[in-house]
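**Q** Below is one structure. I have some questions about it.
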């Protein structure tokens, strides 16, 4: 089931990960599930939203830049990052943004 992340009142931070995958799974799905599980346990994690067709976009939400830095340095996440560069992604881009305001319907 698809869910919109329930974030707190702004400000908070968003990490936007946009990617183009290589062919084949090559262990991607198992690692993606594990990274999702671990990210949710990280101090400062607020939520995540993801969609994929030819282009994948995952937006994770964080309480602070420090929380984002700590997640990037997580030992298992470092392994996944390397595997991503070596096998899973033809191209990716990461953007880190401060959310100043949000609203919903």
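**Q** I need a count of the residues in the range 33-75 that are at positive phi and in a loop (DSSP other than H, G, I, E, B).
**A** Adding up the residues that qualify gives 1.
**Q** Can I ask one more? Scanning the range 49-81 for residues that are farther than 18 Å from residue 14 by Cα and loosely packed, with under 10 Cβ neighbours inside 10 Å, which turns out modelled with the highest pLDDT?
**A** Among those that are farther than 18 Å from residue 14 by Cα and loosely packed, with under 10 Cβ neighbours inside 10 Å, it is 75.
**Q** Does the range 8-22 include one or more residues that are under 26 Å from residue 100 (Cα atoms), touching a strand residue (DSSP E or B) at 6+ places or on another chain (Cβ under 6 Å), at pLDDT below 95 and surrounded by fewer than 13 Cβ atoms within 10 Å (Cβ to Cβ)?
**A** no
**Q** Additional query: If a residue must be in contact (Cβ under 8 Å) with a residue 40 or more places away in the chain and farther than 14 Å from residue 94 by Cβ, how many such residues does the range 10-24 contain?
**A** Matching residues across the range 10-24 total 5.
The values are calculated or read from the model by the stated rules, or taken from the named source; none is laboratory data. Bear in mind that the values here come from a model prediction, so they are computed numbers and not experimental data. Reconstructed Cβ throughout: ideal geometry from the backbone, glycine too, with neighbour counts over all protein chains shown.
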